[in-house]
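Heads up: the structure comes next, in structure tokens.
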Amino acid sequence: MVTLIETQTQDYATVTAEVSTRTDLADSPVRDLNQALHNATDGQSWTVENPGGKHSLAVGINAGVTVTINGHAGYYAAGMHQKGEVTVNGNAGVGLAENIMSGKVHVKGDASQSAAATGHGGLVVIDGNAGARCGISMKGVDIVVGGNIGHMSAFMAQAGRLVVCGDAGDALGDSIYEARIYVKGTVASLGADCVEKPMRAEHLAELAGLLAAAGRTDNPADFKRYGSARNLYHFSVHNSTSY
Amino acid sequence: MTITSLTPGAPAVSAARPVEELGLRESATFDRATIADIQRAAATGVYDIRGWGAKRKVPHFDDLLFLGASMSRYPLEGYRERCDTDVVLGDRYASRPLHLQTPVTIAGMSFGALSANAKEALGRGASEVGTSTTTGDGGMTPEERGQSKHLVYQYLPSRYGMNPDDLRKADAIEIVLGQGAKPGGGGMLLGQKITERVAGMRTLPVGIDQRSASRHPDWTGPDDLEIKIGELREITDWKTPIYVKIGASRPYYDTALAVKAGADVVVVDGMQGGTAATQQVFIENVGIPTLAAIPQAVQALQELGLHRKVQLIVSGGIRTGADVAKAMALGADAVAIGTAALIALGDNDPRYAAEYAAMGSAAGFYDDFQDGRDPAGITTQDPDLSSRLDPITGGRRLANYLRVLTMEAQTIARACGKSHLRNLEPEDLVALTIEASAMARVPLAGTSWIPGAK
């Protein structure tokens, strides 16, 4: 008996801020920034200068705040993000928005590997390319990548949607569960139990919504859909050569 | 085979005679359990999956003895003089370390592997004696958060149910790299235990076999781990202690690297440590005994000058207060129990003998936790079976057991003249076997010889 998971269409509430606090990481520690963000209330706004690739920027946000990082972020930018909106005007390191729950994270440049890993909800937009393992173990997050993604992306992806406007690397969607993948360009190879699936009207509609939420103008009809063949859901000795 | 030892004229061998009386020679290589394993594999084509830790006999705490006080050491009066048992865990970096009343903690076990009642009972029992309990693969349930005074939240490769709200509610965070039953292996929960609630917590379809990842999805190696710990500290405002749990395989290096990565506490789990479901071949053949792991971990901490500053929790085969005392004498700051805690709740109780027999097992042998048909109501998601375990009674039984472990350890510590359990030291111990002596790095009893010592 297998009951499939419904992926809900999410409302990524956009936050409008009135006044912005300016934080310069050249002369104040990351810890102070994060502490201030944890004490913040809805509607507050921060502009972060000189991030210098520092790790754990704007992690653990739990309020409707907006944070704009002007420069490159290191590992785990916007980790475990909730409710607010973080924009990186630069590139992001490993584990961007890992385990994001809600809200929005937008990287204008490229993101390194494991972007949006294990994310449970919210929207992650990467205008450039994403490295390997993008969307690994995703659990409900929506991801839109403007460029290409690396190998082993959406590995063991459980729920949520991954949209790739460029090409996908090897072993896309290996051991995937119920997440849905849309790729506009080529797929180097599909991983175990991941197959191409027909694009029906509801898929074109949800893809159009995701592209619009990411501010993109790509045509949904140009994409192909990939998902689980559901052949590995129950262990069987006859599948032993699939792994 | 032919029986040749019978004298001529003796009565014919009856099949009804007990096997012990027949003078048969059982093969040490192909013993009955091995024969059953081969026949089961031939019949099913699938490897055996089971719960518990290594069942093979390995050098263990039983192979150590304490040297009580005598001429050169003063004992403490058993019912007069204090022997304290409290322990502080996580004060290296965290601003809110745990302060436990007994060094015996409850190891991580998942809701999913265990019933909600069992998780609640563990929380109740642990809280009653002032110690901690630990979540597992599958997230934090309101039952265990509500009933646990000190709750350690596991951060696992699967990240099932992981969310920052629960992270902030946790009293400590345990980053799990592995466990003693299966260093290098991920979790496993078979479809029969994936109920709607379990599936919902894990964001998986109901009823499918679930294999959780063996590697963390967003970090690789000790340098990344340091950054990951930094992120978790930032999210929790540097308040919450962060443990790193390793399955014992290379504990000297793993402990040193965990400390370098910034752990407040290192948890080392030996191969006798239990699991809810793993391939038997994995449980019995991967990892090292708890006894061999402790001195290696302690050596790493001592060489870094951080023994007692980064606390060491040891698990894997702790059953008695003597085991607690021995682990601590070898340098542990605390221990964790899993299998023993479930036994205290009623696992493998002979009163379920008939039901174990109906499943082809027996009280004392039952380990098919993956099937979810546990008559004791512990390793199941079946509502009828799990209702057999009353969380209040179960919690009281666990609290009783934890008190006994603590008092037994105190008994030994007083006999060794120690006013606190942590004052026990390797010098209080000797080994009964050469193997245990070499592993535990204490002398063979009656000698000053430690094999391998420089």
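The values are calculated or read from the model by the stated rules, or taken from the named source; none is laboratory data. Note that this is a predicted model, so its numbers are computed, not measured. So basically every Cβ, Gly included, is an ideal-geometry build from the backbone, and we count neighbours across all protein chains shown.
The figures follow:
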{"quantity": "So B:D218, is it of a type in the set (D, E), facing chain A (nearest Cβ under 9 Å) and touching a residue at least 12 places away in the same chain (Cβ under 8 Å)", "calculated": "no"}
{"quantity": "The range A:29-58: number of residues that are under 20 Å from B:I227 (Cβ atoms) and in a loop (DSSP other than H, G, I, E, B)", "calculated": "10"}
{"quantity": "Lone unmet requirement of (1) away from chain A (no Cβ under 14 Å); (2) farther than 30 Å from B:I378 by Cα; (3) touching an Asp or Glu at 6+ places or on another chain (Cβ under 7 Å) for B:A261", "calculated": "(1)"}
{"quantity": "Residue list for the range A:159-175, filter: under 16 Å from B:R159 (Cβ atoms) and crowded, with 24+ Cβ neighbours inside 10 Å", "calculated": "A:G160"}
{"quantity": "Of the criteria (1) surrounded by 21 or more Cβ atoms within 10 Å (Cβ to Cβ); (2) under 17 Å from the mean Cα position of the chain (by Cα); (3) not in a loop (DSSP other than H, G, I, E, B), which one B:V298 fails", "calculated": "(2)"}
{"quantity": "A:A213 vs. criteria within 27 Å of A:H72 (Cβ to Cβ) and in contact (Cβ under 8 Å) with a residue 60 or more places away in the chain", "calculated": "yes"}
{"quantity": "Those residues of the range B:88-119 which are surrounded by fewer than 24 Cβ atoms within 10 Å (Cβ to Cβ) and more than 30 Å from B:G377 (Cβ to Cβ), in sequence order", "calculated": "B:V88, B:D91, B:R92, B:Y93, B:A94, B:S95, B:R96, B:P97, B:H99"}
{"quantity": "Residue check, B:G125 touching a helix residue (DSSP H, G or I) at 6+ places or on another chain (Cβ under 7 Å) and either surrounded by fewer than 16 Cβ atoms within 10 Å (Cβ to Cβ) or of a type in the set (F, W, Y) (or both)", "calculated": "no"}
{"quantity": "Some residue of the range A:77-99 being small (G, A, S), in a loop (DSSP other than H, G, I, E, B) and in contact (Cβ under 8 Å) with a residue 60 or more places away in the chain", "calculated": "yes"}
{"quantity": "Qualifying residue in the range B:85-99 (condition: assigned to a strand (DSSP E or B) and acidic (D, E))", "calculated": "no"}
{"quantity": "Residue within the range B:233-250 that is touching a Pro at 6+ places or on another chain (Cβ under 9 Å), of a type in the set (A, V, I, L, M) and part of a loop (DSSP other than H, G, I, E, B) present", "calculated": "yes"}
{"quantity": "Members of the range B:29-80 that are within 14 Å of chain A (Cβ to nearest Cβ) and part of a loop (DSSP other than H, G, I, E, B)", "calculated": "B:G45, B:V46, B:Y47, B:D48"}
{"quantity": "Selection within the range A:19-53 - within 10 Å of chain B (Cβ to nearest Cβ) and either on the phi > 0 side of the Ramachandran plot or of a type outside the set (A, V, I, L, M) (or both)", "calculated": "A:R31, A:N34, A:Q35, A:H38, A:N39"}
{"quantity": "Residues located in the range A:132-154, provided they are in contact (Cβ under 8 Å) with a residue 24 or more places away in the chain and of a type in the set (D, E, K, R)", "calculated": "A:D142"}
{"quantity": "Residues within the range A:74-104 that are under 18 Å from A:A130 (Cα atoms) and within 12 Å of chain B (Cβ to nearest Cβ), tallied", "calculated": "14"}
{"quantity": "Enumerated helices (runs of 4 or more DSSP H) restricted to the range B:317-375, each holding at least 3 residues that are touching a residue at least 60 places away in the same chain (Cβ under 8 Å)", "calculated": "B:321-329, B:339-345"}
{"quantity": "Check on B:A248, in contact (Cβ under 8 Å) with a residue 12 or more places away in the chain, more than 7 Å from every other protein chain (Cβ to nearest Cβ), among the small types (G, A, S) and touching a Gly at 6+ places or on another chain (Cβ under 9 Å)", "calculated": "yes"}
{"quantity": "Lone unmet requirement of (1) more than 14 Å from chain A (Cβ to nearest Cβ); (2) among the β-branched types (V, I, T); (3) farther than 20 Å from B:D137 by Cβ; (4) in contact with a strand residue (DSSP E or B) (Cβ under 8 Å, 6 or more places away or on another chain) for B:V281", "calculated": "(4)"}
{"quantity": "Helices (runs of 4 or more DSSP H) enclosed by the range B:104-213 - at least 2 residues per element that are more than 24 Å from A:G140 (Cβ to Cβ), at pLDDT 95 or above and not aliphatic (A, V, I, L, M)", "calculated": "B:116-128"}
